[in-house]
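Asker: The structure's right below; bear with me while I get my questions together.
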Amino acid sequence: MGRKVQHVRYRLDARDITELPFDEIAAILRGADDLIMSGGRSMLVKILKGSRDKKLPGLHLDESPMYGYYHHLTMDEIAARVDWVAPAPTGRAVPSPTATTTSSPPSFQC
């Protein structure tokens, strides 16, 4: 018999956001890259906000280039942007960005 997998229920709420500029999507994804195996959605919101949570320095997440990117927004506004970028249970982005670009994405230096 295999191991029983416990599914965690979650709800994404992008509020009234219908699209985000490419640089904001890139910043959210870059911030998420720093969290692999060490945090989740709420930790990503804290990084993007520039929170002084005790866990961030312990994991060196306060050194992320995206730390404080959304310092001017509330945590709820940042969470809505993160939820917009997050994949839906079907595996596709909700809603999918409609902007197309021919230039290469901005580069971030670590």
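Asker: Condition check: touching a residue at least 12 places away in the same chain (Cβ under 8 Å), farther than 11 Å from Val82 by Cβ, in contact with a Gly (Cβ under 9 Å, 6 or more places away or on another chain) and not hydrophobic (A, V, I, L, M, F, W, C). Does Lys55 satisfy that?
Answerer: When the stated conditions are applied, Lys55 passes them.
Asker: Now a separate question. Please specify each residue of the range 10-52 satisfying the condition of being of a type in the set (A, V, I, L, M), surrounded by 13 or more Cβ atoms within 10 Å (Cβ to Cβ) and either in contact with a strand residue (DSSP E or B) (Cβ under 7 Å, 6 or more places away or on another chain) or outside any helix (DSSP H, G or I) (or both).
Answerer: Leu12, Ala14, Ile17, Leu20, Leu35
Asker: Considering only the range 1-52, state which residues are among the acidic types (Asp, Glu), touching a residue at least 12 places away in the same chain (Cβ under 8 Å) and closer than 23 Å to Ser64 by Cβ.
Answerer: Asp23, Glu24, Asp34
Read-outs throughout are calculated quantities, based only on the coordinates presented, and are distinct from any laboratory measurement. Computed from a prediction, not measured in an experiment: that's the story for all the values here. Don't worry about glycine lacking a Cβ; one is built from the backbone with ideal geometry, like all the others, and counts go over all protein chains shown.
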